[in-house]
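In what follows, a structure is listed as structure tokens, so that the remarks can point back to it.
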Amino acid sequence: MTNDEINTFRGLGKTARSKKSGLWKYLSKSIGPFNFNLLEPKKNDLSVLATDKGPVILPKLYRRYTNWSARNKASITSQNFQNFLAAGSNGKADVCFVTADFLANGVHSATHRTFDEFVVGGKTTKFEPDGLVFSEAPSALIGPDNKPITHF
């Protein structure tokens, strides 16, 4: 994303957050116990939207917590969640930047941080959803014809 795109989304988020509209009223800084009774809705079934009322955590954090929770339940890992985050997915920690630093200095000069730095004791987040920019592995967009999309 460009700096302008990031700032646009941050502005929209700030407005929604101040009104506590949408998911913002359910945003939680606490990471509660994992609910193994949750089910993924069937394709095109949006009925869950009427009953799912949070709490909400950042999607990347949720994915990491889901992975750890399943491994922990199956006794595949003895790590606590904080150490699991520090070790990273497939042995590679999630790299991120503080958004203000990223916007001011760019991807090449901003300070590289790791995601676990922004979680306390595996239980509490110390960041806002728009407060971090993640460095992701390169990817390709593939069209319905299974060919790479090279331009819009």
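What you get for the chain, charging only the Cβ of Lys and Arg (+1) and of Asp and Glu (-1), is a dipole of about 560 debye around the Cα centre. Residues with beta-carbon under 15 Å from that of L49, excluding L49: net charge, scoring Lys, Arg +1 and Asp, Glu -1? Once all neighbours under 15 Å are counted, the net charge is +1.
Extending 7 Å from the Cα toward the beta-carbon at both L23 and E136 defines two label points whose distance is 1.4 nm.
Calculated mean residue ellipticity at 222 nm for the chain: -10500 deg cm²/dmol, from DSSP H runs with n ≥ 4 weighted as -39500 (n - 2.57), summed, divided by the residue count and rounded to 500. Here the accessible area is traced with a 1.4 Å probe on the protein chains. For the chain, carbon and sulfur cover 56 percent of it.
Structure remark: mean-square fluctuation, Gaussian network model of the chain, C-alpha springs under 10 Å; the largest value among S75, S21, S47 belongs to S47.
Of K19/K92; K29/K92; K43/K126, which ones are farther than 26 Å apart at the Cα?
Pairs exceeding the cut-off: K19/K92; K43/K126.
Ranking of S69, S18 by solvent-accessible surface, largest first: S18, S69 (1.4 Å probe, protein heavy atoms only, all chains present). Between the range 26-56 and the range 102-148, the C-alpha centres lie 23 angstrom from each other. Computed from Cα atoms alone, the Kirkwood hydrodynamic radius reported for the range 1-95 is 16.0 Å.
Which residue, K42, K60, K19, tops the fluctuation ranking in a GNM of the chain built on C-alpha contacts under 10 Å? In this elastic network of the chain, the residue with the biggest mean-square fluctuation among K42, K60, K19 is K42. Accessible surface computed residue by residue for the range 12-152, with neighbouring protein chains in place and a 1.4 Å probe, gives 71 Å² per residue. For the range 15-24, the Karplus equation 6.51 cos²θ - 1.76 cosθ + 1.60, evaluated at θ = phi - 60°, returns couplings of 5, 4, 5, 5, 8, 6, 9, x, 6, 4 Hz by residue, with Gly and Pro reported as x. Across the range 22-73, Cα-Cα pairs more than 18 Å apart make up 40 percent of the total.
Under Stokes-Einstein, with the Kirkwood radius over Cα pairs as Rh, the value for the range 57-152 at 10 °C and 1.306 mPa s is 105 µm²/s. For C96, nonlocal amide neighbours, meaning residues 5 or more places apart or on other chains whose placed amide H falls under 5 Å from its own, are R113, T114, F115, S135. Amide H contacts of L27 (H built 1.01 Å from N, in plane; Pro and chain starts excluded): V56 sit under 5 Å, all sequence-distant by 5 or more or on other chains. Charging the Cβ of each Asp and Glu at -1 and of each Lys and Arg at +1, and nothing else, the dipole of the range 32-108 about its Cα centre rounds to 220 debye.
Placing a pseudo-label 7 Å from each Cα along the Cα-to-Cβ vector at E5 and T124 gives an inter-label distance of 3.5 nm. Converting phi to 3J(HN,Hα) with the Karplus coefficients 6.51, -1.76 and 1.60 and the offset θ = phi - 60°, the range 33-49 yields x, 5, 9, 6, 8, 5, 10, 6, x, 5, 3, 6, 8, 9, 4, 4, 4 Hz in sequence order, with x at every glycine or proline.
The values are calculated or read from the model by the stated rules, or taken from the named source; none is laboratory data. Treat the numbers as computed from the prediction; the structure is a model and nothing was measured. Glycine gets a Cβ as well: all are built from the backbone with ideal geometry, and neighbour counts include every protein chain shown. What goes into the accessible areas is simple: the full protein's heavy atoms, side chains included, and nothing from ligands, DNA or RNA. Shrake-Rupley method; radii C 1.70, N 1.55, O 1.52, S 1.80 Å.
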